[in-house]
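Chemist: First, the structure itself, so that you have it in front of you.
The values are calculated or read from the model by the stated rules, or taken from the named source; none is laboratory data. Please read all numbers here as calculations on a predicted model, not as lab measurements. Positions of Cβ are backbone-derived with ideal geometry, glycine not excepted, and every protein chain shown enters the neighbour counts.
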Amino acid sequence: MKEPQRPTLGAVMIVKDEEDRLGNILSDLEGAVDEIVVVDTGSEDRTVGIAQSYGANVHFFAWDDDFSAARNRSIELATSDYLLWLDADDRIDDENRKKILEFKQHLCPEKDVGYLLRIVNRVDKGINTSTLQPRIFPNIHDIRFEGKIHEQILPCMERCGIRVENADIVIEHAGYHDNKAVEEKAWRNLKILLSEPDQENWGASHLFRIAMSCYSLCDYAKCLEYIIMARQHHVNESWHKYSFIVAAECYARLKTPGKALQELSLAVQKYPQSGLLYYSLGYLCFKMEKIDEAISALEGANNLGIEIEIFPIPSDLGERLPYHYGMALQKAGRGDDAVNAFRASLDVNPHYMPAIRALGMALLYSGDVPGAIFYLEKAAEHTDDYDRSLWLCLARGYYFVGRFNDAHNLYLRSVIEDPNDMDVLSGLIQTSIEVNDIKSMQSSFESLLLLFGMESEREIRTEVDLAEICVEIALRFFDQKDFLMAKRMADSALRIDGNCGRAYLVFTDIALESGNKKEGITCLEKALSTGVSQNLIVERMERIGKG
């Protein structure tokens, strides 16, 4: 008995002046599909010849500002049972080419199913996006594209009762990278959309396409106007969920974050199973310093997961979600939970630099200095420009584990970037003592004294004199409630003169300000052993007693 013939798969495309890119996708398709139909809409370069050289069935179509009309012409010319629609700037790698060949073996003979493919939009700068698109559909008479711009085939498939399934196939899309080209495309699309007659009967999807063209042109107020109009006509269109993300972004760009928050709060009420919307809400709350609300929303996104949608979403949300969750946890003082969240981000993408950097800093604050150095060094290796917080955290880590030369070199590089950075200057004093760099220590002292408006021309005869200057600077930091810098300078004083009783008093005062009586008493005892005035000791003992 003869086996039934398997359904065939063809590729259909519309092109114009694509000589630079068309050959790439056609070479990707060789042997993977049963036919290639290319409809040219008016090329003036070598596009047609390139298509013919790959054995494509080439036809011509007079362009009339209607993408659906051109795509539907390509469908009419194709003979395969199923069709894969493509653009000239699409690419299919070897792995996904093999998947297509395997996929063809399981096409449904009844031609009652269409397939969503994952489209990854690659950009030169910025973040790639992913979306699900109905790229493979049965070649039957009623299945046609709709809409002059942003043409869609899914609404027609749904009306015809064609069920839609996901296919584990990825297509890479290059798209437009030049800002001028993006703007020209948006103006072209807007012109075509607005030229559609009978404005009173424009449907919701048409209005939303206008909104998206306005968004591309950075006309956020107009975009919001058309989103509102589209929602008034909305029945069950797939863009509706996406409209909340777009509207929130518009409000944010218009510097009305409260309205953006209202949009996303409403969105999670309407779509409570959308991890994407919970993430968007959580990220906005984080930016607005609403940390508790951010944590709650991001936890919701974690529990639900980020769904791939039929509209573009950033491809790195898998690692971004736990990273931003960690940042919110850190702001809430939940350091250990933040460390776990950053590690979860790196489980998704071990090379995600924001999480590497954040994990290094979180580990430093938690006391795991060797672990912190490991991640901070990885982050520094991939940072070309001066990153103040990264460099200073790494320098502190180096100093803590006794890598004084490494810490000193980082501070020397940092002070070139900002000669008036007090954190850098105080750190440079600390490391200069350890590596015996008298010149750097002296210049750092002078800079700090000048920044505090203190007398910088001083005669320094002994180490005791130098230690006293450290204490004076420490007291200025203490008055500013900058206890970290005050501790650093007091520690430097003791490195210079181990019997500097006033430095121990600085440590005592910091401990008392922090509510740590036990540590305050310990420091006070050390101060007493150096011969500090009894009056100063009694004064602090009274404070401890009152506390």
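Chemist: Could you identify the single residue in 250, 214 that is under 22 Å from residue 65 (Cβ atoms) and in contact with a helix residue (DSSP H, G or I) (Cβ under 8 Å, 6 or more places away or on another chain)? Spell out how you get there, then give the answer.
Modeler: Numbers: 250 fails: under 22 Å from residue 65 (Cβ atoms).
Just one listed residue meets the conditions, 214.
Chemist: Any residue in region 182-193 that is in contact (Cβ under 8 Å) with a residue 60 or more places away in the chain and outside any helix (DSSP H, G or I)?
Modeler: No.
Chemist: Related question: Looking at region 1-58, which of its residues are among the polar types (S, T, N, Q) and either under 12 Å from residue 87 (Cα atoms) or not in a loop (DSSP other than H, G, I, E, B) (or both)? Break it down stepwise before answering.
Modeler: First, pick out the residues of region 1-58 that are among the polar types (S, T, N, Q): 5, 8, 24, 27, 41, 43, 47, 52-53, 57.
Of everything in region 1-58, those that are among the polar types (S, T, N, Q) and either under 12 Å from residue 87 (Cα atoms) or not in a loop (DSSP other than H, G, I, E, B) (or both) turn out to be 24, 27, 47, 52, 53, 57.
Chemist: Right, something else. It is to be established whether one or more residues within region 401-416 are more than 40 Å from the chain's Cα centre (by Cα), assigned by TED's automatic domain parsing to the domain that holds residue 503 and surrounded by 19 or more Cβ atoms within 10 Å (Cβ to Cβ).
Modeler: Let us first name the residues in region 401-416 that are more than 40 Å from the chain's Cα centre (by Cα), namely none.
Checked region 401-416: no residue is more than 40 Å from the chain's Cα centre (by Cα), assigned by TED's automatic domain parsing to the domain that holds residue 503 and surrounded by 19 or more Cβ atoms within 10 Å (Cβ to Cβ).
Chemist: What's the number of the only condition in (1) assigned to a helix (DSSP H, G or I); (2) of a type in the set (Gly, Ala, Ser); (3) assigned by TED's automatic domain parsing to the domain that holds residue 265 that residue 333 fails to meet?
Modeler: Unmet for residue 333, out of (1) assigned to a helix (DSSP H, G or I); (2) of a type in the set (Gly, Ala, Ser); (3) assigned by TED's automatic domain parsing to the domain that holds residue 265: (1).
Chemist: A further question on this structure: Can you tell me which residue among 520, 531 is small (Gly, Ala, Ser) and not in a helix (DSSP H, G or I)?
Modeler: Working: 520 fails: not in a helix (DSSP H, G or I).
Just one listed residue meets the conditions, 531.
Chemist: Give the residue that is modelled with the lowest pLDDT, with candidates limited to residues of region 217-239 that are more than 21 Å from residue 200 (Cβ to Cβ) and among the small types (Gly, Ala, Ser).
Modeler: 238
Chemist: If I ask for residues that are assigned to a helix (DSSP H, G or I) and of a type in the set (D, E, K, R), which ones from region 59-97 would you list?
Modeler: 71, 73, 76, 94, 95, 97
Chemist: Of the residues 40, 66, which is modelled with pLDDT under 95 and not aliphatic (A, V, I, L, M)?
Modeler: On the way: 40 fails: modelled with pLDDT under 95.
Just a single option satisfies the conditions, and that option is 66.
Chemist: Looking for whichever is in the same structural domain as residue 276 (by TED's automatic domain parsing), closer than 18 Å to residue 127 by Cβ and crowded, with 20+ Cβ neighbours inside 10 Å here; the options are 301, 294. Which one fits?
Modeler: Going through 301, 294 in turn, the sole match is 301.
Chemist: If a residue must be touching a residue at least 24 places away in the same chain (Cβ under 8 Å) and surrounded by 20 or more Cβ atoms within 10 Å (Cβ to Cβ), how many such residues does region 502-527 contain?
Modeler: Summing the residues that are touching a residue at least 24 places away in the same chain (Cβ under 8 Å) and surrounded by 20 or more Cβ atoms within 10 Å (Cβ to Cβ) in region 502-527 gives 10.
Chemist: Just to verify a result, which residue in region 88-108, among those that are aliphatic (A, V, I, L, M) and surrounded by 14 or more Cβ atoms within 10 Å (Cβ to Cβ), is nearest to residue 5 (Cα to Cα)?
Modeler: Looking only at region 88-108, we keep the residues that are aliphatic (A, V, I, L, M), and these are 88, 92, 100-101, 107.
Adding the requirement that they be surrounded by 14 or more Cβ atoms within 10 Å (Cβ to Cβ) leaves 88, 92, 100, 107.
Values: 88: 30, 92: 26, 100: 18, 107: 11 Å.
My answer is 107.
Chemist: Let me ask you something else. Considering only region 202-275, give the helices (runs of 4 or more DSSP H) lying wholly within it that have at least 3 residues that are touching a residue at least 60 places away in the same chain (Cβ under 8 Å). Write out each step before concluding.
Modeler: Values: elements: 204-216, 220-233, 239-253, 257-270.
Output list reads 204-216, 239-253.
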